[in-house]
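**Q** Pasting a structure below so you can have a look.
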Amino acid sequence: MDTYVSNAIIMRVKEFGESDLLVTFFTADKGRLAGVAKGGRKSRKRFANCLDLFCLASLEYGQRRKGDLYLLESGRLINGFAGLRSDFASLSIASYMSELTETLFPQNVAEMAMFELLRDSFVAIDEGKGIDLVRICFEARAMTLGGYRISLDRCAKCGRPYAGVGRAVFMRNKGGIACLNCEKPSRNNPGLGPDAAKILGNMQSEAWEKIDLTALTADVVNEIRPVLKQHIEFRAGRPLKSARYLK
């Protein structure tokens with residue numbers, strides 16, 4: 001049996017048999033995987049505090065045959081992100097981020113940038129950064145990494161370039177924007193001002209540390225939030241289950 005060691009974020013944990021755990025984890029090098037931790041419910045030595053939901057751990061695991069569940073051999077806790085479990089709002093946003101990651105990335109699809117985004121977003125919440133800001137930065141970047149970048153450079157209907165002047169309309173069925181001559185804002189196709197469009201473009205392109213969070217004013221957040229909501233629900237084909245617990 002080949003054995004691997006990966007940094008991983010624990011996404012789901014279920015009881016499995018009398019003493020085992022069925023664990024879904026997102027790794028830096030192999031993407032989302034599922035494995036069985038033999039004796040995981042009782043072992044305090046091999047899995048000391050490292051299989052808690054949303055924690056970051058170094059996991060040792062192997063696979064006997066292609067297509068089978070992995071077997072978790074041991075683990076070492078790197079960061080427990082205690083702040084994610086400090087209140088319902090933090091726990092809810094962590095659940096939402098995990099579900100969006102699962103929606104965008106099937107099992108065994110590796111994406112180092114997505115792993116880093118999820119990890120860094122958990123760090124930000126754990127450190128007490130504003131949940132609304134963390135959420136829209138995560139959504140914008142995650143959708144881009146998943147292949148659903150919102151096109152902001154020209155009208156999706158007439159093709160006229162958008163120079164960042166005046167308002168535009170987000171077209172959820174196009175995955176881009178339209179000019180006001182071609183489309184009017186509606187509930188499903190919300191409007192987007194030039195400042196919000198610019199910042200949304202930056203969030204789609206840049207890593208966490210390069211985002212100027214001071215530019216995310218309440219007005220900008222309120223414009224970007226419905227755009228991302230419509231974008232995610234349209235591409236996913238449904239509202240995410242965990243979204244119902246968010247404000």
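**Q** If a residue must be surrounded by 14 or more Cβ atoms within 10 Å (Cβ to Cβ) and either in a helix (DSSP H, G or I) or among the basic types (K, R) (or both), how many such residues does the range 205-217 contain?
**A** Residues in the range 205-217 being surrounded by 14 or more Cβ atoms within 10 Å (Cβ to Cβ) and either in a helix (DSSP H, G or I) or among the basic types (K, R) (or both): 1 in total.
**Q** I need a count of the residues in the range 34-55 that are free of Cβ contacts under 8 Å to residues at least 12 places away in the same chain and either surrounded by 16 or more Cβ atoms within 10 Å (Cβ to Cβ) or closer than 23 Å to G83 by Cα (or both).
**A** Looking only at that region, the number is 2.
**Q** Can we say D87 is free of Cβ contacts under 8 Å to residues at least 12 places away in the same chain, loosely packed, with under 15 Cβ neighbours inside 10 Å and not assigned by TED's automatic domain parsing to the domain that holds V220?
**A** Judged against the criteria, D87 is not a match.
**Q** Take the residues in the range 1-33 that are over 26 Å from the mean Cα position of the chain (by Cα) and part of a strand (DSSP E or B), then tell me which one is surrounded by the fewest Cβ atoms within 10 Å (Cβ to Cβ).
**A** Ranking the candidates gives D2 first.
**Q** Let me confirm something: among E102, E73, which residue is more than 29 Å from E209 (Cβ to Cβ) and of a type outside the set (A, V, I, L, M, F, W, C)?
**A** Of the residues listed, the single one that is more than 29 Å from E209 (Cβ to Cβ) and of a type outside the set (A, V, I, L, M, F, W, C) is E73.
**Q** Does Y70 qualify as being more than 27 Å from A207 (Cβ to Cβ), hydroxyl-bearing (S, T, Y) and crowded, with 18+ Cβ neighbours inside 10 Å?
**A** Against the criterion (more than 27 Å from A207 (Cβ to Cβ), hydroxyl-bearing (S, T, Y) and crowded, with 18+ Cβ neighbours inside 10 Å), Y70 qualifies.
**Q** Among the residues of the range 34-47, are any in a loop (DSSP other than H, G, I, E, B) and among the aromatic types (F, W, Y)?
**A** yes
**Q** Could you tell me which of the residues R187, R172, R154 is more than 28 Å from S242 (Cα to Cα) and more than 16 Å from the chain's Cα centre (by Cα)?
**A** The match here is R154.
For every residue, the table says whether it meets (1) within 16 Å of V134 (Cα to Cα); (2) charged (D, E, K, R); (3) touching an Asp or Glu at 6+ places or on another chain (Cβ under 7 Å).
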| site | (1), (2), (3) |
| --- | --- |
| A163 | no, no, no |
| P185 | no, no, no |
| K210 | yes, yes, no |
| T214 | yes, no, no |
| A218 | yes, no, no |
| V221 | yes, no, yes |
| R238 | no, yes, no |
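**Q** Within the range 63-77, does at least one residue satisfy the condition of being modelled with pLDDT of 90 or more and under 30 Å from Q230 (Cβ atoms)?
**A** No - not one qualifying residue is present in the range 63-77.
Matching residues to (1) aliphatic (A, V, I, L, M); (2) without any contact (Cβ under 8 Å) to a residue 60 or more places away in the chain; (3) part of a helix (DSSP H, G or I):
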position: K157; (1), (2), (3): no, yes, no
position: K174; (1), (2), (3): no, yes, no
position: A197; (1), (2), (3): yes, yes, yes
position: M203; (1), (2), (3): yes, no, yes
position: D219; (1), (2), (3): no, yes, yes
position: H231; (1), (2), (3): no, no, yes
position: R238; (1), (2), (3): no, yes, no
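**Q** While we're looking at this one, here's another question. Among the residues of the range 119-155, count how many are outside any helix (DSSP H, G or I) and either hydroxyl-bearing (S, T, Y) or on the phi > 0 side of the Ramachandran plot (or both).
**A** The number of residues fulfilling the criteria is 4.
Rundown of residues vs (1) assigned by TED's automatic domain parsing to the domain that holds N222; (2) surrounded by 16 or more Cβ atoms within 10 Å (Cβ to Cβ); (3) closer than 18 Å to P239 by Cα, yes/no style:
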{"site": "T103", "(1), (2), (3)": "yes, yes, yes"}
{"site": "N108", "(1), (2), (3)": "yes, no, no"}
{"site": "L118", "(1), (2), (3)": "yes, yes, no"}
{"site": "S121", "(1), (2), (3)": "yes, yes, no"}
{"site": "I125", "(1), (2), (3)": "yes, yes, no"}
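**Q** Taking the stated definitions as given, is R135 touching a helix residue (DSSP H, G or I) at 6+ places or on another chain (Cβ under 8 Å) and either over 21 Å from P239 (Cα atoms) or modelled with pLDDT of 90 or more (or both)?
**A** Yes.
The values are calculated or read from the model by the stated rules, or taken from the named source; none is laboratory data. None of the values given here were measured: they were computed from a predicted structure. Cβ: placed from backbone, ideal geometry, glycine included. Neighbour counts: every protein chain shown.
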